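S.K.: If you scroll down you'll find the structure; I have some questions about it.
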Amino acid sequence: MPLTTFEEVMPYGEFIEYVTSTGYMPPWTPDEEYAHFVGERVLSAEELEVLSLWVLEGKPEGNPDDNPGVPDFPSGSQIGVPDQVWAMPEPYLHGGDMTEQYQVFVLPTESENNLAIRGMEVRPGNNKVAHHAILGLDVTGTAMQLDAADPDPGYESFGGFGFNAESNFFGAWVPGAMALEYPPGMGRTVPAGADILLQMHYGPSPIDEVDQTQINVFYAEGPIEREVETAIMTPQDLDSFFYLPANQVRTFHGTLDVPADLSLLSIAPHCHLIGESWEVFATSPSNQDTIPLISIPQWDFNWQGFFTFPTLTKIPAGYTLHGIASYDNTEDNPFNPSSPPINVTYGEGTLDEMFFIFFDYVLYEEGDETIALGPNVPEACPEDLTMDGIVSVDDILMMLSDFGCLENCAADVDLDNAVTIADLLLMLTKFGEGC
């Protein structure tokens, strides 16, 4: 439905009030009270009340002179004009036989020099069948040989790229994901002469569909000083074998040890249709400190994402990353694709299941906590410990709970590795101000 004019919106007033009051719209699965992310699609209580009052009062039109008009939405990119576009060399036909397909396409960079990437943006050519995309790197020419041996564009490969690539996770796209520009000095490096690997997962379709996905590339002005890496929590990191019997609800707990001080940029839990909820956090060796990372109380397979933190988020060395996911393989789960339920194991197909958490990170440097992420995000102020946009009593209470800390201190405002009266005085000078 178009919602660009009052005449278009007004007939849907009661419907809009209902889907917003229930939390179904706007689509945003993370719990905003657990952790914040760039681009949150959340309506405040005051905004919800405005919608309800509008409907209660008969849906009157406001002053037409105050109408700002239709927004000028960007076309071709979320973040600007790309420096280069890597595209599938030719269209790919996904047959209408209700089967899924993993197809890898080889995109030559044809560069004699290393490429310093400050941002990448996957633009799917056909959202009707594009389920997700994984990017990789090949410096051996192996992928080109596999492509040449397959009569179709690209080559078929379920579960990875079919060989040990230089990078098996150089980037990704899922529906709803926002493009990320790395802060100055950070990014990813493509080796000279490397081929980009684009693995497309196409969902089942009753009719033939054609896709030609492309990748917008944004180059850094100088060399990459801090390489962005990806850590992945997989079923191998779980406390029990990943198996989902029919008519059962099961919960799995994965852990990863943190060997060095890290700064997280983004996080992405991933499972399929019978996934129910996620909680990801980090704990100190003594379990005296917990860093909440993301909570998704009601998993929605159709609204996934790579969730970017407002600022770089420090995870100290010695901490442990925890990922807890629940799966409902019963008839009570309206999203269960099988009726009656069947036993489900790990697999690449949509009717199979997965347990993955992707963490993008750089090695920590002093001051990382103040580096903002996302498009047009203002510098954060270190005094805003709760990251709610204002220095308030909540921040002072959080500081007092950490007062006296001498190492890896969450409330270390002046970055001297301790929480002292100096931090409290600095906070008081900012009290009541927005960030």
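Read-outs throughout are calculated quantities, based only on the coordinates presented, and are distinct from any laboratory measurement. The shown structure was predicted, so the numbers you read here are calculated from the model rather than taken from an experiment. When we count neighbours, we look across all protein chains shown, and the Cβ atoms used for this are built from the backbone with ideal geometry, even at glycine.
S.K.: Given 0.36 nm per residue, what is the gain on full extension from Leu51 to Tyr243 after removing their alpha carbon distance, in nm?
M.R.: 64.7 nm is the gain from fully extending Leu51 to Tyr243.
S.K.: For a test of the definition: using alpha carbon positions, the gyration tensor, and the 1.5 limit on a/c, classify the stretch 64-173 as rounded, prolate or oblate.
M.R.: It is oblate, given that a/c is not under 1.5 and a/b is not larger than b/c.
S.K.: Hey, rough spin-label estimate for Ala418 and Asp289, points 7 angstrom out along Cα→Cβ, what's it come to in nanometres?
M.R.: 1.6 nm
S.K.: Now for a separate question. Based on the alpha-carbon gyration tensor of the chain and its eigenvalue square roots a ≥ b ≥ c, which shape applies: rounded if a/c is under 1.5, prolate if not and a/b is larger than b/c, or oblate?
M.R.: rounded
S.K.: Hey, if you put +1 on the Cβ of every Lys and Arg and -1 on every Asp and Glu Cβ in the chain, which of Trp173, Ile396, Met354 ends up farthest toward the positive end of that dipole?
M.R.: The residue sitting farthest along the positive end of the dipole is Met354.
S.K.: Note down the magnitude of the dipole of the chain about its Cα centre, charges +1 on Lys and Arg C-beta and -1 on Asp and Glu C-beta and zero elsewhere, to the nearest 20 debye.
M.R.: That gives the chain a dipole magnitude of about 760 debye.
S.K.: According to a simple spin-label model (label point 7 Å from Cα along Cα-to-Cβ), what is the distance in nm between Glu110 and Thr189?
M.R.: Each label point is offset 7 Å from its Cα along the Cβ direction, giving 2.5 nm.
S.K.: While we're on this one: Explain nothing, just the number: dipole magnitude of the stretch 230-363 about its Cα centre with +1 on each Lys and Arg Cβ and -1 on each Asp and Glu Cβ, in debye rounded to the nearest 20.
M.R.: 220 debye
S.K.: Here is a follow-up. Could you list the residues of the stretch 84-103 with an amide nitrogen less than 17 Å from a label point located 7 Å from the Cα of Ile207 in the Cα-to-C-beta direction?
M.R.: Zone members listed by number: 93-99.
S.K.: Apply 1/(1 + (r/R0)^6) to the Cβ-Cβ distance of Ala149 and Trp303, taking R0 = 30 Å, and write down the FRET efficiency to the nearest 0.05.
M.R.: So the FRET efficiency works out to roughly 0.20.
S.K.: Restricting to Cα pairs below 8 Å that are 6+ residues apart, what does the relative contact order work out to for the chain? Please round to a whole percent.
M.R.: Reported as a whole number, the value is 17 percent.
S.K.: Now for a separate question. Can you find, among Val9, Val50, Tyr34, the residue sitting farthest towards the positive end of the charge dipole of the stretch 6-66, where Lys and Arg contribute +1 and Asp and Glu -1 at Cβ?
M.R.: Tyr34
S.K.: Where in the chain are the helices, taken as whole DSSP H runs, whose Cα atoms extend 15 angstrom or more along the long axis and whose Kyte-Doolittle mean reaches at least -1.0?
M.R.: Result, helices passing both filters: 45-56.
S.K.: Okay, moving on. At Leu428 and Leu406, where each label point lies 7 Å from the Cα along Cα→Cβ, what is the point-to-point distance in nanometres?
M.R.: Label-label distance for Leu428 and Leu406, simple model: 2.5 nm.
S.K.: Calculate one ³J(HN,Hα) per residue across the stretch 197-211 by plugging θ = phi - 60° into the Karplus curve 6.51 cos²θ - 1.76 cosθ + 1.60, and present them in order as whole Hz with x for glycine and proline.
M.R.: 9, 10, 9, 9, 9, 9, x, x, 9, x, 10, 4, 9, 10, 10
S.K.: On to the next question. For the stretch 84-222, calculate the relative contact order in percent as a whole number, restricting contacts to Cα pairs under 8 Å that are 6 or more residues apart.
M.R.: 53 percent
S.K.: Given charges of +1 on the Cβ of Lys and Arg and -1 on the Cβ of Asp and Glu, with all other atoms neutral, how large is the dipole of the stretch 1-122 about its Cα centre, in debye to the nearest 20?
M.R.: It comes to approximately 340 debye.
S.K.: Mind running the shape call on the stretch 239-309? Use the C-alpha gyration tensor, a ≥ b ≥ c as the square roots of the eigenvalues: rounded below 1.5 for a/c, prolate if a/b tops b/c, oblate otherwise.
M.R.: oblate
S.K.: Same structure again: How large is ³J(HN,Hα) for each residue in the stretch 93-101, as worked out from phi by the Karplus curve 6.51 cos²θ - 1.76 cosθ + 1.60 (θ = phi - 60°), to whole Hz, x for Gly and Pro?
M.R.: 9, 9, x, x, 10, 6, 10, 9, 8
S.K.: Cβ under 11 Å from Gly162's Cβ, Gly162 left aside: what net charge do those residues give with Lys, Arg +1 and Asp, Glu -1?
M.R.: Net local charge, Gly162 excluded: -4.
S.K.: Suppose the chain between Ala317 and Thr99 were pulled fully straight at 0.36 nm per residue; how much longer would it get relative to their current alpha carbon spacing?
M.R.: Gain on extension, Ala317 to Thr99, equals 74.0 nm.
S.K.: Looking at the chain, which longest stretch skips every one of the chymotrypsin sites (Phe, Trp or Tyr not before Pro) that is in a DSSP loop with at most 12 other Cβ atoms within 10 Å, leaving the sites themselves out?
M.R.: 25-240
S.K.: Still on this model: Can you give the FRET efficiency for Ala87 and Arg41, using 1/(1 + (r/R0)^6), R0 = 35 Å, r = Cβ-Cβ distance, to the nearest 0.05?
M.R.: According to the calculation, E is roughly 0.75.
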